[in-house]
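Q: Quick one: the structure is below, questions incoming.
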Amino acid sequence: MIENNFKINRLNLNETVNLYGWINKIRKMGDIIFLDLRGSNGIVQIVLEKNHLDYEKVLNFKNNDIISISGKVFERKNKNKNIFSGDIEIIANKINLISAVSNQLPILPFEEITALEQVRMRYRYLDLRRPNIFNIFKIRSEFNKYTRRFFDENNFLEIETPYLTKRTYGGASELIVTSKNHLGKEYALAQSPQIYKQLLMYSGFERYYQIARCFRDEDSRSDRQLEFTQLDLEMSFINDKEIEEKIYLLIELYFEFILKNVFKKEILLPFKRITYKYALENYGSDKPDLRYENKIFDLIKNNLIKLKDKKIAKGIAFEKNISISQIKKIKKDFKDNSINFSYFFVKDGIYSEGEIKEEFKKDINKFNNFLNLSNYFVIFLISEDKNKLLNTLGEIRIKVAKKLNLANKDKLKFCWITDFPLFDKDKENNLVSSHNPFVALKDESDLEKINLKKENELLNLMSRSYDLVLNGYEIAGGSIRIRDKEIQRKIFKILKLTNEEIDRNFDWLLTAQSFATPYHGGIALGIDRILAILLKKSSIKEVIAFPKTSQGTDELSGAPSEKN
Ligand code: ASP
């Protein structure tokens, strides 16, 4: 039972209720004072008549003061259909001021957001008073409740792992913590519970999960914060066969359960699956938004144009129209001298305008036939670098879709991305793990067959990792793990760690692996991101009670502060 329950309606007629809340609006009409009282779960009208003992005192109350009232529920003459308690009003008996506002509020709690982000963050507790925002956190709480219910029903144990951990090699950079008892030494805040959850499997827990905070010293973006929340889990298995299938099924059932219970939505299972290679070739991204199709196509392989040199040509077509000036803007944004950017519009099967070489114009019929369209526009790029072409087209695909409003906000398009390579190259051209160094290989014997010194052979190794994508966002990632300490050591060595570095950083994991380890794998889901998508919010900040700004600062408390 909620002690301060504003969910009052005709069923409560003639009852006496006790409430406290904020004055949303106070007004005097004739001799009567009307007060809209706002609590966390609604608004109720309070009435005070002229003969009330406190009448003069109440006239001095202001909007946003906190008061308590006790009174009787009556039917209202002028009903307000927009609020739950719009059929009733409360004739006040006792009325007391609990706390008066002494300052003008910088954010009005019942208005749409007009304040700047910094002001909202500085007075976040006022921002949080707005009923729309209250609702977000009610849903977030339900989300956690049903998450726990689901994993409990599936025999998972909720186990907490440390936040203060040892600094490790690789991955995103770590946030450092010092302690007065260990001068000259430092802890790192956990980037994820990864190693600990593997150790829990070695302990025999079989099914672990946790709603864990993770810390990464990365630039904050609309879908990233220094600290964020993961639903983290790990499972052990009887054999090595089809572990991926079991994890996919569990997560699909979890989403079905959460969407049904928290969001009252049905989804179709199973989720679509595409390989990493297919995603890149067709959507120019490993997290494609599948709410719209618009696949990338190869102009040479499909005989749409001919090139004299060995360059590659890839394009993308849209049926809805865009203005020339919008395309020009997109072209300007992707100005890269190594890429040739062309586009053209076709109306009723005939070239209408664009920027393409004369010699290609005679081929328009081929495009009509290939696309099976007669009104459309095509953007195509020519370059020698296939990956650059695909990535650029992937970005263009998203930009154009945004301008054309192709992504239906009510659609949920889940998709597993599978068959990731084990290694990748970072921006500085170093060989790095695509996911993390603990990911198992598709075929462990490959490590015997290839020349470990040849980077191109290493880049061909395939991993047992997977991502889950929703509407163009990566919402989860996981893998089957390496269990064998010799293989784990080999992977570290490929990543250019010396024996000394391996021992210093990972001896605790390798030692644990020498005491026998079961087959195991898991996944971590980004809860903030998932909620932002399901609640149709443009940034994860909207679903975090006290988020950091885009610069990573906490405007409310002033963190980070100067060193003492
Ligand atoms: N620990 C990984 C991450 O945070 C997820 C996993 O592999 O389970 O990305």
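Quick note: the coordinates plus some simple rules give every number you see, no bench work behind them. Predicted, not measured: the structure shown is a model, and the values here were computed from it. Here the Cβ positions follow ideal geometry from the backbone for every residue, glycine too, while neighbour counts run over all protein chains shown.
Q: What ³J(HN,Hα) values, in whole Hz, does the Karplus curve 6.51 cos²θ - 1.76 cosθ + 1.60 give for segment 258-274 when θ = phi - 60°, with x put for Gly and Pro?
A: For segment 258-274, the Karplus-derived couplings read 5, 5, 5, 7, 9, 10, 6, 10, 9, 10, 8, 10, x, 6, 4, 10, 9 Hz, x marking Gly and Pro.
Q: Tabulate in residue order the Karplus-calculated ³J(HN,Hα) for segment 499-514, using 6.51 cos²θ - 1.76 cosθ + 1.60 with θ = phi - 60°, rounded to whole Hz; enter x for Gly and Pro.
A: With the stated coefficients, segment 499-514 comes to 4, 5, 5, 4, 5, 5, 8, 10, 4, 4, 6, 5, 4, 4, 6, 7 Hz.
Q: Still on this structure, I have one more. Ranking Leu509, Leu183, Leu268 by Cβ neighbours within 10 Å, fewest first, what do you get?
A: Lowest to highest Cβ neighbour count: Leu183, Leu268, Leu509.
Q: With r defined as the distance between the Cβ atoms of Phe370 and Glu206 and R0 fixed at 51 Å, what FRET efficiency is calculated, to the nearest 0.05?
A: 0.45
Q: Rank the residues Met121, Met29 as a footprinting-exposure proxy: fewest other Cβ atoms within 10 Å of their Cβ go first.
A: Met29, Met121
Q: What pairs in Lys335/Lys493; Lys50/Lys81; Lys287/Lys308 have C-alpha atoms more than 32 Å from each other?
A: Lys335/Lys493; Lys287/Lys308
Q: Further, regarding this structure: Given axes a ≥ b ≥ c from the Cα gyration tensor, I'd like to know whether segment 41-160 is rounded (a/c under 1.5), prolate (a/b larger than b/c) or oblate.
A: prolate
Q: Sticking with this structure for a sec: Take the alpha carbon atoms of segment 48-110, find their center, do the same for segment 383-424, and report the distance between the two centers in whole angstrom.
A: Each part reduced to its Cα centre gives a spacing of 53 Å.
Q: By count of other Cβ within 10 Å, fewest leading, how are Tyr283, Tyr123, Tyr343 ordered?
A: Least to most surrounded, the residues fall as Tyr123, Tyr343, Tyr283.
Q: Between Leu53 and Leu268, what FRET efficiency comes out of the Förster formula 1/(1 + (r/R0)^6) with R0 = 60 Å and r the beta carbon distance, rounded to 0.05?
A: 0.45
Q: Where a ≥ b ≥ c are the square roots of the eigenvalues of the C-alpha gyration tensor, would you call the chain rounded, which needs a/c under 1.5, or, failing that, prolate if a/b is larger than b/c, or oblate?
A: Because a/c hits 1.5 or more and a/b fails to exceed b/c, the chain counts as oblate.
Q: Lysine pairs in segment 364-442 with alpha-carbon atoms under 18 Å apart, 8 or more places apart or on different chains: how many are there?
A: 9
Q: What's the extension gain from Leu105 to Thr553 if we count 0.36 nm per residue and subtract their Cα-Cα distance?
A: Working it through step by step, the gained length comes to 159.0 nm.
Q: Charges at C-beta only: +1 for Lys and Arg, -1 for Asp and Glu. How large is the resulting dipole of the chain about its Cα centre, in Debye rounded to 20?
A: Using only the charged Cβ atoms, the result is roughly 1520 debye.
Q: Further question on the same structure: Pairs to check: Lys264/Lys537; Lys277/Lys331; Lys79/Lys536; Lys301/Lys357; Lys138/Lys246; Lys328/Lys537. Give those whose C-alpha atoms are more than 23 Å from each other in this structure.
A: Pairs exceeding the cut-off: Lys277/Lys331; Lys79/Lys536; Lys138/Lys246; Lys328/Lys537.
Q: Quick one: net charge around Leu37, please, counting Lys, Arg +1 and Asp, Glu -1 for every other residue with C-beta under 11 Å from its C-beta.
A: Net charge around Leu37: -1.
Q: Taking a cut-off of 18 Å between Cα atoms, list the aspartates and glutamates near Lys310, but don't count ones fewer than 8 places away on the same chain.
A: In chain and number order, the partners are Asp298, Glu359, Glu384, Asp385.
Q: What number, rounded to the nearest 500 deg cm²/dmol, is the helix-based mean residue ellipticity at 222 nm of the chain, given -39500 (n - 2.57) per DSSP H run of at least four residues and division by all its residues?
A: The helix-only estimate for the chain comes to -8500 deg cm²/dmol at 222 nm.
Q: Let me ask something additional. Let me make sure I get this right: for segment 203-290, a, b and c are the square roots of the gyration tensor eigenvalues over alpha carbons, sorted descending. Under 1.5 in a/c it's rounded, otherwise prolate if a/b > b/c, else oblate. Which is it?
A: In terms of gyration-tensor shape, rounded.
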